[in-house]
Amino acid sequence: MNQAIEITPKDLQDLIPTYIENTFNDYAELKACYEHKNAKGLKEVCHRILGTASAYGFIKLDEICTNVSRAIEAEKFGELMSLIKDLDQYFYYLERSYKR
Amino acid sequence: MNEAKFLNDLVTNEKRLFGEKRVVVLDDCKNSLMLIQRYLDQFDNIHLEVFQDEFEAIRSIIREKPELLVMDINMPKLDGIRVFTLLEEMSISNVPVIFISGDKSVESMVSHLKQNTSFIKKPLKKNTLIEQVNRVLKSA
């Protein structure tokens, strides 16, 4: 899943380490919401990530979070579980790519 | 007042004397704040103050009215609309506001507030923000 490596606009490249650090915190919050079955919290964190992911060039992350948001709206919890797995995999590769 | 704050205020006042415009940015999301700050860095005639906390931003606005307030709507302590109405209630009116939100449904709510407010939908686009800020500052 090499999609974790994304294309960032040149004028934002120096911000990426901080962006990733903040986004890892969002991911931890999102996982906690998921584990506590907190749909409202889950949606809020997704919206927060969606507010900037594409601007920083993290298109795949934007896509997964859009789908998570839609699954919550539609109360498709089976789909949600699979999307959370995608997110886990995404952050696993993101960590390997950027935190080396 | 400590020395660092005194010097900071002094520099701020000096800059404003030379025509810099004060822009306050309020967003609870660090990544969003960082992005707005970077996009607005290209303006050399503005003095930018950024806040993650709603009440700190309000205190700063009360202390000195800015030429522009750029703020998120969905925030944990007070939403952007409430911040706006609080400022109005405190007679801090006529501050142009650019609201930012990922929720398109609030756009119509913003359009009913008053004339010098506008709305930008997240995800934030650099050109859209710059155009809106330029438009407001030119008329300030």
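The values are calculated or read from the model by the stated rules, or taken from the named source; none is laboratory data. All figures in this text were calculated on a predicted structure; none of them were measured in a lab. Cβ: placed from backbone, ideal geometry, glycine included. Neighbour counts: every protein chain shown.
What the table below lists for this structure:
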{"read-out": "Identity of the residue in region B:30-45, in a loop (DSSP other than H, G, I, E, B) and among the charged types (D, E, K, R), that ends up farthest from the other protein chains (Cβ to nearest Cβ)", "value": "B:Asp44"}
{"read-out": "Positions within region B:100-140 being aliphatic (A, V, I, L, M) and touching a helix residue (DSSP H, G or I) at 6+ places or on another chain (Cβ under 7 Å), in sequence order", "value": "B:Met109, B:Leu113, B:Ile120, B:Leu124, B:Leu129, B:Ile130, B:Val133"}
{"read-out": "In region B:84-113, the residues that are under 16 Å from the mean Cα position of the chain (by Cα), farther than 26 Å from B:Phe43 by Cα and not aliphatic (A, V, I, L, M)", "value": "B:Thr85, B:Glu88"}
{"read-out": "Test set (1) at pLDDT 95 or above; (2) surrounded by fewer than 15 Cβ atoms within 10 Å (Cβ to Cβ); (3) among the charged types (D, E, K, R) - B:Glu54 fails condition number", "value": "(2)"}
{"read-out": "Of the criteria (1) surrounded by 14 or more Cβ atoms within 10 Å (Cβ to Cβ); (2) more than 14 Å from chain A (Cβ to nearest Cβ); (3) out of contact with any strand residue (DSSP E or B) (no Cβ under 9 Å at 6 or more places or on another chain); (4) assigned to a helix (DSSP H, G or I), which one B:Ile130 fails", "value": "(2)"}
{"read-out": "Residue list for region A:65-82, filter: buried (at least 16 other Cβ atoms within 10 Å of the Cβ) and more than 10 Å from the chain's Cα centre (by Cα)", "value": "A:Asn67, A:Ser69, A:Ala71, A:Ile72, A:Leu80"}
{"read-out": "Check on B:Lys65, on the phi < 0 side of the Ramachandran plot, surrounded by fewer than 18 Cβ atoms within 10 Å (Cβ to Cβ), under 15 Å from the mean Cα position of the chain (by Cα) and modelled with pLDDT of 90 or more", "value": "yes"}
{"read-out": "Evaluation of B:Ser111 against (1) over 22 Å from B:Arg38 (Cα atoms); (2) surrounded by fewer than 17 Cβ atoms within 10 Å (Cβ to Cβ); (3) modelled with pLDDT of 75 or more (one fails), failing number", "value": "(3)"}
{"read-out": "All helices (runs of 4 or more DSSP H) inside chain A with 2 or more residues being within 14 Å of chain B (Cβ to nearest Cβ)", "value": "A:16-35, A:39-50, A:59-73"}
{"read-out": "Filter pass, A:Gly51 being under 22 Å from B:Met75 (Cβ atoms) and either modelled with pLDDT of 95 or more or not aliphatic (A, V, I, L, M) (or both)", "value": "yes"}
{"read-out": "Inter-residue pairs, beta-carbon under 6 Å, first without any contact (Cβ under 8 Å) to a residue 60 or more places away in the chain and in region A:50-78, second of a type in the set (S, T, N, Q) and assigned to a helix (DSSP H, G or I), 6+ apart", "value": "A:Gly51/B:Ser32; A:Thr52/B:Asn31; A:Thr52/B:Ser32; A:Lys60/A:Gln3"}
{"read-out": "Yes/no for B:Phe99 being modelled with pLDDT of 90 or more, within 14 Å of chain A (Cβ to nearest Cβ) and either buried (at least 21 other Cβ atoms within 10 Å of the Cβ) or assigned to a helix (DSSP H, G or I) (or both)", "value": "yes"}
